[in-house]
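Below is one structure, written out as structure tokens, with a few remarks after it.
The values are calculated or read from the model by the stated rules, or taken from the named source; none is laboratory data. Just so you know, these numbers come straight off a predicted model, no measurement behind them. Virtual Cβ from ideal backbone geometry, glycine too; neighbours counted across all protein chains shown. The protein model used for the area step is the full one, side chains on, heavy atoms only, and it has no ligands, DNA or RNA in it. Shrake-Rupley method; radii C 1.70, N 1.55, O 1.52, S 1.80 Å.
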Amino acid sequence: MKKKIEFKKALIISFIVIALSSICFGLLNYFEYMKYTQNFNMKINGICIKVLEKYPQIDKNELMEILNSKNNSSNVLKEYGINLQKDNVLLENEKEFRNFQKINIIYIVIVCLCLMLIFIIYNSNKDRKLRKITEYIEEINRKNYKLDIDSNSEDELSILQNEIYKTTILLKEQAENSLSDKISLKNSISDISHQLKTPLTSITILLDNIIGNSDMDVNTRHEFISDIRREIVNINFLVQALLKLSKFDANAVEFIEKEVKLSKIIDSAIKNVMPLCDLQKVEINIEVNESDTLLCDEKWQVEAISNILKNSVEYSNSGGTILVRAQKYKLYTQIDIKDNGKGIEKEEIPHIFERFYKGKNSSKNSIGIGLALSKTIIEKNNGNISVESKVGEGTRFVIKYF
């Protein structure tokens, strides 16, 4: 349990004040007793001197016996109006008693005022902190999240203030994330609209030409239909990729991890891009140990590798070669995908994993979403991906699974 510093401090100061007051009060009572004793002894001593002067034959021991006697059966002072049980024989002691009584009352009042002052200060500090917390909450309501907790201690109100600060930071992060999500959603919708607008417009124009020209020759008609099919394939790929990315964004994808041979993942990915390789006349070579395995979700990793290979094929020159090398180390498993194609401009490298980004040398059919999807899949599987490239020399993708 956290310390209540302010309350403990007030209690400690109060205890010290009470302890010092008790000591001072005891010393005052002792001084009062000594004063009474001194006055009484001086009067008795005076009486004894007078008695001895007038009656020298009286034995001093006899006087001491009289003084120490407990025989109070007779009251010789009664005729002077003095009650031994109630009245003070010595007027000087009576006067001293009145003075000490006044001092005691003043002393008690001062001690009480000190204790009241201590608790007034404690309550004042508490009220001040409550006002400050109220001001904090009002500032939060005004969207001001800049709060200072440097002066906080560990008392109850400071703990409350710290909790408010934590809640404030959480609210700020949520507000920023909400704004970021809205901006991201807006940009995504804009990008998707732009990506769909071009192929749909192209399909509409081609269909209008086919429908509006009944005398179109067969070869042109087939060419238009092939273009329409290509655009539909692109739209289908875009929609599928966006659906997959949206699943990752919503954390709706659950990886089913198991030990899979690296060679099996790479072979499956190569099969997916083989039609494009044949079209581009690109050869893919493999260097992988057949016994090496990877703990992963096979389907998703095949998807990721396929998209990277597709990008490498598109950037390769006709008759080019792509090398896929996989190697298992103690701390991680690495897959290298290297082509000897066009390469990527240096200023473009930081952006190639952004959604809908298309480089200067990208093909006209490129959508710019495959690498973004691959990066998301690899990172979700406890990996990372980096790229090295030089224009005219080729590009190398390095994937590490930890």
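Here are some notes:
- The set of residues in region 253-279 being under 43 Å from the mean Cα position of the chain (by Cα), modelled with pLDDT under 85 and open to solvent by 70 Å² or more (accessible area, probe 1.4 Å) consists of Glu254, Ile256.
- Any pair with Cβ under 8 angstrom, 6 or more apart, that starts in region 216-241 at a residue that is free of Cβ contacts under 8 Å to residues at least 12 places away in the same chain and ends at one that is surrounded by 13 or more Cβ atoms within 10 Å (Cβ to Cβ) and part of a helix (DSSP H, G or I): Met216/Asn209; Met216/Ile210; Met216/Phe224; Arg221/Ile210
- The number of residues in region 280-313 that are under 20 Å from Leu371 (Cα atoms) and surrounded by 15 or more Cβ atoms within 10 Å (Cβ to Cβ) comes to 20.
- Residue, nearest to Thr198 (Cα to Cα), within region 212-229, restricted to residues that are open to solvent by 80 Å² or more (accessible area, probe 1.4 Å) and in a helix (DSSP H, G or I): Arg229
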